[in-house]
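Contents: one structure, followed by commentary.
Read-outs throughout are calculated quantities, based only on the coordinates presented, and are distinct from any laboratory measurement. None of the values given here were measured: they were computed from a predicted structure. Neighbour counts are summed over all protein chains in view; Cβ atoms, including those assigned to glycine, are modelled from backbone coordinates with ideal geometry.
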Amino acid sequence: NMKTIYLIGFMGSGKTSVGRRLSDLLHIPFVDTDEAVEKTYGRIADIFEREGEEAFRTYESIILQGIPSEDRVVSTGGGFVEVRKKLEYTYYTAIVAYLQASVQQKLQRLKYDRNRPLWNQDCDTRKHLYNRRQILYEAYADVTINTDSRSIDNIAREIRQFV
Ligand code: S3P
């Protein structure tokens, strides 16, 4: 058996695409926590609008608690590091890979995105979130992977070496 692998990182860093590929390479199931939240609780944008961020974190946390500690590749939402309970637990039981991308690349990827409430903010708010999160991602990562100008396959293969 393999330890479950969590992919963390800011919005638009490629967690979902890389996670899918990595799960193919390792022949273990893939879980996308945003997708799981939406399946159970409805669209993320709607949850933020109707119930607020706090409610979303609760749902996200419920989904995270349900993930087995072995044999999964998990793409998390950018706010994974805000869900404290899960963090303490994964620290000992999982492999956490941080997908690091430059601000430029993120700006490019998220340019026309309207489905990420925490991105649809003014410049200063985004910058503040980015800086605060960066520290958290680094603190919780077992491995940090720079993703700039690299293919999804190439990134997935690098992560595989740490499993
Ligand atoms: C969030 C990131 C999103 C999603 C939600 C909140 C965040 O996931 O979970 O909009 O707090 O950074 P992605 O990182 O997949 O965009």
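Please go through the range 114-163 and write out the chymotrypsin sites (Phe, Trp or Tyr not before Pro) that DSSP classes as loop and that have at most 16 other C-beta atoms within 10 Å.
Phe162
Please give the charge dipole size of the chain, origin at the Cα centre, charges +1 on K and R Cβ atoms and -1 on D and E Cβ atoms. Round to the nearest 20 debye. Walk me through the numbers before you get to the answer.
Values: 24 positive and 23 negative charges, 63 e Å.
In total the dipole reaches around 300 debye.
Putting +1 on Lys and Arg Cβ atoms and -1 on Asp and Glu Cβ atoms, find which of Asn120, Phe80, Leu107 reaches farthest to the positive end of the dipole of the range 40-162.
Projecting each Cα onto the dipole axis, the largest value belongs to Leu107.
Take the chain, connect every pair of alpha-carbon atoms lying under 10 Å apart with a spring to form a Gaussian network, then pick out the residue of Gly19, Gly78, Gly66 with the largest mean-square fluctuation.
The residue that fluctuates most here is Gly66.
So which trypsin sites (Lys or Arg not before Pro) in the range 1-108 end up in coil per DSSP with only 15 or fewer other C-beta atoms within 10 Å?
Arg43
Between beta-carbons, use under 13 Å as the cut-off and find the net charge around Phe48, counting Lys and Arg +1, Asp and Glu -1. Mind showing how you got there, number by number?
Working: positive: Arg43, Arg50, Arg57, Arg114, Arg116; negative: Asp34, Glu38, Asp46, Glu49, Glu51, Glu53, Glu54, Glu60.
So the environment of Phe48 carries a net charge of -3.
Running a GNM on the chain with Cα contacts under 10 Å, which residue among Gln65, Gln100, Gln108 ends up with the highest mean-square fluctuation?
So, out of Gln65, Gln100, Gln108, the one fluctuating most is Gln108.
Modelled label-to-label distance, Asp122 and Phe162, 7 Å Cα→beta-carbon offset: nm?
A separation of 3.7 nm, rounded to one decimal place.
Would you tally the net charge around Ile152, using a Cβ to Cβ cut-off of less than 14 Å, leaving Ile152 out, and scoring K and R as +1, D and E as -1?
Around Ile152, the surrounding residues sum to +3.
What distance in nm separates the two pseudo spin-label positions at Asp153 and Glu53, each 7 Å out from Cα along the beta-carbon direction?
3.9 nm
Which part of the range 54-81 falls in the paramagnetic zone of Leu136, meaning amide N under 20 Å from the point 7 Å along Cα-to-beta-carbon?
Output list for this probe position: 54-67, 74-81.
If you plug each phi of the range 135-143 into the Karplus form 6.51 cos²θ - 1.76 cosθ + 1.60 with θ = phi - 60°, what whole-Hz ³J(HN,Hα) values come out, in order, with x for Gly and Pro?
For the range 135-143, the Karplus curve yields 5, 5, 4, 4, 5, 9, 7, 7, 9 Hz.
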